[in-house]
Amino acid sequence: MRKMRLGKGKKAVLAVCFLLFFAMIAYDGTTVRAAGGLSEKTLTMTPATQKKLSISGAASKIKWSSSNKNVATVDAAGMVTARKKGNAKIKAVYKGKKYTCKTKVVYGTYTTSDGITYKDIKESFGASGRWFQKSLNGGTYAFTGTDGSAIYFKVAGSKYVDVSFVSNAAVATPYFSYSIDGGNVKRQKISKGRISLGNTKTHYVRLVIDSMSESENRWGAEAGVGISGIKAADANGVIAGVLPQNATIAFYGDSITQGVRAMSMALAPSGTSATHSYAWYCAQQLDLIPYFAGFGGSGIVQPGSFNNCINTIERFSAVRKADNFAADVIVVEHGTNDVYTYGDAYVSEYKKVLQLLHKKHPDAYIMAMIPFTQIHADEIRKAAAQCKSFCTVIETASWQLSYTDGLHPNKAGAAKAGKNLAKKIASIRKVSLVDGD
């Protein structure tokens, strides 16, 4: 048989192949690859997000570290967690060789499935609604006396987040609601502040103070709920504040705006829900952020459980002025409780409310909604006609809602009312609804 001869070039190539093959054979017979480079040399992240780094071919433990743990941390598996705006170097050491990933944490925006766009902020949470700073039990907290006030934050690296509330409610334990990544809201008492996120990925949390008793003294005693802390249950978890960028729709109203008896006949927090009120459903349809100022029994003239509308616009309580805020749309849902004032006197008081709202929000669309009972309908139309350059009447007689007690819409009735109102507002603002209706 004729022997095959190899040229010098082919012999060299074959020798290299043999060397590479034997270099991949470990002493125990397993195949390994020589370590390559770091999977990322640079990273740009936003707070409360994570990114996994690795070294290709690494077969043993890698030692990870961060040059600035306030900005970004890294665990033993190479998972980088961005914590706050700034710069850090994520370092890896493997078999004596050093690797570096330059990491920059910047602010960004993100839109959740419910159409709310969030922007990163330096605070631990963002807020919308009627919040103020209040000293209570030796501490000072973000505090609200109004159902529907909300906070916003995101979480990464933890399956659970614990929200600690401080309460100045004397009548009954309030409820809060929360939504994860724009999903459906869930309700629970503030005494149970743990929120389940499902996994350790980045999640956006929208938390609403959902219901307090109508009998709480919010005007004189500033009854309400504060936020004393938000903490990831996992030690590696991180919380970062976000703030919605969508425009605001403000609702000034009574127990119907508050969501009283939306859940059941109970005149208690268990039967009340801001996130099941017509106001909430209307804002959802329009991708707007609701600003709630609904208080049971109140009216244009009647003070009810808080105070009349004009004082509600001006004040958070008897001793505290209300903050200014920007509103794109304002809805006035009042009249049901005004059973002692009629005629021109009522028109005059209603007109004062409309004029004050226009003064504070000159660019806002102001909607004078006829009460579902149709009480004061003619007087509201008359007051709005005198302010027609900035006010529109919303007729409600044909809505055919369902109620818990003949006065307060139940969940289905509130959803229908919210959708009907949103259609009216969308036609005036010349925008489309979320569902395309």
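Taking a 26 Å limit on the Cα-Cα distance, which of the listed pairs Lys134/Lys201; Lys382/Lys423; Lys231/Lys360; Lys134/Lys416; Lys52/Lys159; Lys321/Lys351 fall beyond it? Pairs exceeding the cut-off: Lys134/Lys201; Lys231/Lys360; Lys134/Lys416. Shape index of region 171-225: Rg/Rh, with Rg the Cα radius of gyration and Rh the Kirkwood radius from the inverse mean 1/r over Cα pairs, equals 1.08.
Enumerate the whole-percent occupancy of each 10 Å bin, from 0 to the last occupied one, for all C-alpha pair distances of region 177-312. Answer for region 177-312: a P(r) of 11, 37, 35, 15, 3, 0 percent. For region 274-370, the C-alpha radius of gyration sits at 1.07 times the compact-globule guess of 2.2 N^0.38 Å, with N the residue count. For region 343-437, the extents of the C-alpha atoms along the principal axes are 34, 32, 20 Å, listed from largest to smallest.
Sorted on the mean count of surrounding Cβ atoms within 10 Å across their residues, most packed first, peptides 385-392, 345-352 read 345-352, 385-392. Listed by chain and number, the aspartates and glutamates placed with their C-alpha closer than 14 angstrom to that of Lys51 are Glu40, Asp75; residues fewer than eight positions away on the same chain are left out.
Summarising the strand pairing of the chain, around 75 percent of its internal DSSP beta bridges are antiparallel. For the pair region 358-382 / region 149-166, the C-alpha centres are spaced 37 Å from each other. Taking the Cα centre of the chain as reference, the dipole from Cβ charges on Lys and Arg (+1) and Asp and Glu (-1) amounts to some 4220 debye.
Calculate the FRET efficiency for Ser389 and Ser432 from the Cβ-Cβ distance with a Förster distance of 35 Å, rounded to the nearest 0.05. Efficiency at R0 = 35 Å is approximately 0.85. In the distance distribution for region 127-240, Cα-Cα pairs more than 17 Å apart total 52 percent.
Our estimate of slack between Ala345 and Ser215, defined as 0.36 nm per intervening residue step minus the Cα-Cα distance, is 43.9 nm. Note on the chain: Kirkwood hydrodynamic radius from all Cα pairs is 24.7 Å, rounded to one decimal. On full extension, the segment bounded by Ser124 and Asn324 gains 69.8 nm, given 0.36 nm per residue less the C-alpha separation. Treat region 73-180 as a sphere of radius equal to its Kirkwood radius over Cα pairs and apply Stokes-Einstein at 25 °C in a medium of 0.890 mPa s; give the translational diffusion coefficient in µm²/s, rounded to a whole number. Taking Rh from Cα pairs, D becomes 139 µm²/s. Peptides 308-314, 204-210 ranked from most to least packed, by the mean per-residue count of other Cβ atoms within 10 Å: 204-210, 308-314. Where the alpha-carbon atoms of region 42-106 are placed on the principal axes, they occupy 32, 16, 16 Å, in descending order. Principal semi-axes of the equivalent ellipsoid, √(5λ) from the alpha carbon gyration tensor of region 319-385, are 22, 14, 11 Å from largest down. Most tightly packed first, judged by the mean number of other beta-carbon atoms within 10 Å of their residues, the peptides 185-194, 316-325 read 185-194, 316-325. The alpha carbon radius of gyration of region 184-253, expressed as a multiple of 2.2 N^0.38 Å, is 1.40.
Bear in mind that the values in this text are calculations on the coordinates, not laboratory data. Remember, it's a predicted structure, so these values are computed and weren't measured experimentally. Note that each Cβ is placed from the backbone with ideal geometry, even for glycine, and that neighbours are counted across all protein chains shown.
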